[in-house]
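Novice: I'd like to ask some things about the structure below.
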Amino acid sequence: MEVEDKTGAEVPVVVSLLYPLRDELKPFLKRMGIPTGDEGFGELLEEVKSLDAKGGVNLILLAETLGEWLSLWGEVKELVREVFG
């Protein structure tokens, strides 16, 4: 909604991704009916790219501290840049 307010364009979120997807979260997500898979994050990004959808990706970084979050952001930013160029 914020994008629509600022630009007048509607950008629906097509998919939400958790990074990193820790093993202890997988049973919880599966009980909620959310598939987790065994592929790496790069492969998952390739799959999202292949959707060729006109929408956004909601990226959720799981961290306990700001320093950890910033480190994860650096990692995932490079992965996204490699896949989506």
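Novice: For the range 29-85, give me the residue count where each residue is within 12 Å of VAL15 (Cα to Cα) and part of a helix (DSSP H, G or I).
Specialist: Total satisfying the criteria: 5.
Listed here are the residues, each with its yes/no results for (1) surrounded by 11 or more Cβ atoms within 10 Å (Cβ to Cβ); (2) at pLDDT below 85.
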position	(1), (2)
LYS6	no, yes
VAL11	yes, yes
VAL76	yes, no
GLY85	no, yes
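Novice: Okay, moving on. Assess whether GLY55 counts as being of a type in the set (Gly, Ala, Ser) and farther than 18 Å from VAL76 by Cα.
Specialist: Numbers: of a type in the set (Gly, Ala, Ser): yes; farther than 18 Å from VAL76 by Cα: yes.
Against the criterion (of a type in the set (Gly, Ala, Ser) and farther than 18 Å from VAL76 by Cα), GLY55 qualifies.
Novice: Scanning the range 47-67 for residues that are open to solvent by 60 Å² or more (accessible area, probe 1.4 Å) and at pLDDT 90 or above, which turns out nearest to the chain's Cα centre (by Cα)?
Specialist: If we take residues in the range 47-67 being open to solvent by 60 Å² or more (accessible area, probe 1.4 Å) and at pLDDT 90 or above, then ILE60 is nearest to the chain's Cα centre (by Cα).
Novice: For SER16, work out the one condition from (1) surrounded by 13 or more Cβ atoms within 10 Å (Cβ to Cβ); (2) under 18 Å from PHE84 (Cα atoms); (3) hydroxyl-bearing (Ser, Thr, Tyr) it doesn't fulfil.
Specialist: That leaves (1) as the condition not met.
The values are calculated or read from the model by the stated rules, or taken from the named source; none is laboratory data. As the structure is a computational prediction, the values presented were derived from the model and not from experiment. In this analysis, Cβ positions are derived from the backbone assuming ideal geometry, glycine residues included, and neighbour counts consider all displayed protein chains. Note: areas computed on protein heavy atoms with side chains; ligands, DNA, RNA excluded. Shrake-Rupley method; radii C 1.70, N 1.55, O 1.52, S 1.80 Å.
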